[in-house]
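The values are calculated or read from the model by the stated rules, or taken from the named source; none is laboratory data. The structure presented is a predicted model; accordingly, all values stated were derived computationally and were not measured. Reconstructed Cβ throughout: ideal geometry from the backbone, glycine too, with neighbour counts over all protein chains shown.
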Amino acid sequence: MKKISVLGSTGSIGTQTLEVVRQNQDKLVVTAMSAGRNVDLFEKQVREFKPAIACMGDEEAAADLKQRIADLSGIRVLAGMDGMLEMASDPGSEIMVTAIVGMIGIRPTIAAIESGKDIALANKETLVCAGHIIMPLAKKMGIRILPVDSEHSAIFQSLQGSPAERISRIILTCSGGPFRGMKADELADKTCEDALKHPNWNMGKKITIDSATLVNKGLEVMEASWLFGVDTDRICVTIHPQSVLHSAVEYADGAVIGQMGTPDMKLPINYALFYPDRMPMNARKLDLFSVSALTFEKPDTDTFRGLALAMDAAKTGGTMPTVFNAANEEAVARFLDHKIGFLDIYDDIEKAMRDHKVIPDPTVDEILEAEKNARAAF
């Protein structure tokens, strides 16, 4: 039995991770899990999976959970960042799924790596903001960072059996989101309800908005650069509306190897949890006859400026990716609250980046301070 912990079990990736566990109860067991403030769903999960550790986002939510599960024995209820760090360091699991959204995932990921756990990585901010810390630490500790994002998993799968130094470039695919093909004047009056209608993927609200702005693809470029040791200049973002080819690798000899499948996040989760094996999965299989055609387009970075701003942040480096990410999170939250328009997201990010004084090689504390200052500007 492989023992896993899930950081962020009530979110989109977390709930789908638990679906994978349900399909493999003879092979996987959840020993620890955390959630933010969704006590109702988390209580159901705790009762079903009975982890040794259950951590809530704050003391109030933890106290509520503790009272609700008083009839269960052997479950330690923890709270806040201290609780997540204790959970991440606990020796009761071999691999931690980082399904939590936001920079709050950085410290627990570091703690898990330092305790010798492999990481099934779904938290983009960990590498976007602290890749220069995470990747050397993972190498030092001899642990594996196994990508859960569909695109990064596809790249990872396409690299199996091939030398990484022979990579010519990475082809990072993108659905284009709900507004693909539109121009700025058409986007000016788009609402968050419009932006949340993703054509292919079932994701959380924040990531769905990031997909609409192409900010998400910019974050994935930064993440891929750290994961696979490839400069951002050698990562080619390609709009692929069908979301069948999840990404590919072009090698020095001109061969292009990619991974195809239905748009289902459980596939990369399943692969990360069982790597290097491939376990059967109850899911819809790809039918190429039904797909019929695959198309590819260049991204319109003049209209969808999130990708261009992300590339600028990546090239600047240091604390700039942190500021890019923090400003985007604040702007998206305001957009979801109907306080700003869709195009204002780009303006807010650009202003935050323009006002920031970069720290070239930041510590974790400096990363978190840069985030705090970027958010304070809003």
Subject >> Top-ranked residue of the range 188-230 - restricted to ones that are over 17 Å from the mean Cα position of the chain (by Cα) and within 18 Å of Thr126 (Cα to Cα), ranked as surrounded by the fewest Cβ atoms within 10 Å (Cβ to Cβ) >> reply: Gly229
Original post:
In the range 202-239, what count of residues is obtained for those that are under 18 Å from Phe296 (Cα atoms), outside any helix (DSSP H, G or I) and not hydroxyl-bearing (Ser, Thr, Tyr)?
Top reply: 5
Original post:
Does Ser225 satisfy being over 17 Å from Ser153 (Cα atoms), touching a Gly at 6+ places or on another chain (Cβ under 9 Å) and of a type outside the set (Phe, Trp, Tyr)?
Top reply: no
Subject >> One residue from Pro136, Pro178 being part of a loop (DSSP other than H, G, I, E, B) and not hydrophobic (A, V, I, L, M, F, W, C) >> reply: Pro178
Subject >> Of residues in the range 64-81 being touching a residue at least 12 places away in the same chain (Cβ under 8 Å) and part of a helix (DSSP H, G or I), the one surrounded by the most Cβ atoms within 10 Å (Cβ to Cβ) >> reply: Leu65
Subject >> Within the range 133-154, considering residues that are surrounded by fewer than 18 Cβ atoms within 10 Å (Cβ to Cβ) and within 17 Å of the chain's Cα centre (by Cα), the one nearest to Val323 (Cα to Cα) >> reply: Met135
**OP:** Check the range 97-109 and report whether any residue there is farther than 30 Å from His240 by Cβ and surrounded by fewer than 23 Cβ atoms within 10 Å (Cβ to Cβ).
**Re:** yes
Original post:
Somewhere in the range 151-160, is a residue farther than 13 Å from Leu227 by Cβ and at pLDDT 95 or above?
Top reply: no
Subject >> Residues being surrounded by fewer than 17 Cβ atoms within 10 Å (Cβ to Cβ) and without any contact (Cβ under 8 Å) to a residue 24 or more places away in the chain - total across the range 258-284 >> reply: 5
**OP:** Working only within the range 1-20, note down all residues that are in contact with a strand residue (DSSP E or B) (Cβ under 7 Å, 6 or more places away or on another chain), touching a residue at least 60 places away in the same chain (Cβ under 8 Å) and outside any strand (DSSP E or B).
**Re:** Gly8, Ser9, Gly14, Thr17
**OP:** Restrict the check to the range 119-130 and report whether at least one residue is part of a helix (DSSP H, G or I), among the aliphatic types (A, V, I, L, M), farther than 18 Å from Gly218 by Cβ and at pLDDT 95 or above.
**Re:** no
Original post:
Taking Thr31, is it touching a residue at least 12 places away in the same chain (Cβ under 8 Å) and under 15 Å from Thr10 (Cα atoms)?
Top reply: no
**OP:** Just give me the residues in the range 106-118 being under 14 Å from Glu371 (Cβ atoms) and either modelled with pLDDT under 95 or among the basic types (Lys, Arg) (or both), in sequence order.
**Re:** Arg107
**OP:** Quick one: which helices (runs of 4 or more DSSP H) lie wholly within the range 263-378 and hold at least 3 residues that are acidic (Asp, Glu) and within 22 Å of the chain's Cα centre (by Cα)?
**Re:** 364-376
